[in-house]
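Each remark here refers to the structure printed beneath this line.
What follows draws every value from the coordinates through simple rules; no lab data is involved. Because the structure is predicted, anything quoted here is derived from the model rather than measured. Note: ideal-geometry Cβ built from the backbone for every residue, glycine included; neighbour counts use all protein chains shown.
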Amino acid sequence: MANGREKSDLAIVAKKSANKGEQSPAESVERRAGAEGNAGRHSTRRAQHRESVSQALNRVRDGARRRTKERFIALLHHLNVELLRRAFYELKRDAAPGVDEVRWGDYEADLERRVGDLHERVQRGAYRALPARRRYIPKPDGRQRPLAVAALEDKIVQRATCPDYM
């Protein structure tokens, strides 16, 4: 909005010094108003790490809750090696292995290579979740309750994409 007829808004006009510099300028310069509110602060961090990725995933989750009819695609670019590594360390160390029969300690023995490989497969779209290992647990009334156990890498990706999943 203009301040008057044919005058610029103060917040838009940049302060530009005259050609002669500091010595008696040939033209006067309009002053620039400061930004209002918290324009200097950002809601996300400049470098991508766990807090910024989690914040981005939280925004995606909130949007998905609000707009249930929309489809979300290409969200895995939010995952990075550090996030996958942290997701691995948040898993239960004594959990039952999935169909891949890989245990937490075995995966940790070569963690950097495995997480790097997992990240690369996720980024290029080659990662595919394995089928869950199915076990049946007896119930007190004699029936059995099915239990699905995911493979370790599937648990890592699930934890990284949805920290409150497990």
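R65 fails exactly one of the following numbered conditions: (1) under 15 Å from A150 (Cα atoms); (2) exposed (fewer than 10 other Cβ atoms within 10 Å of the Cβ). What is the number of that condition?
(1)
Which count do you get for residues in segment 101-113 that are assigned to a loop (DSSP other than H, G, I, E, B) and free of Cβ contacts under 8 Å to residues at least 40 places away in the same chain?
2
Within segment 72-100, track down each residue that is assigned to a loop (DSSP other than H, G, I, E, B), within 13 Å of D154 (Cβ to Cβ) and not small (G, A, S).
Correct list: L91, P97, V99, D100.
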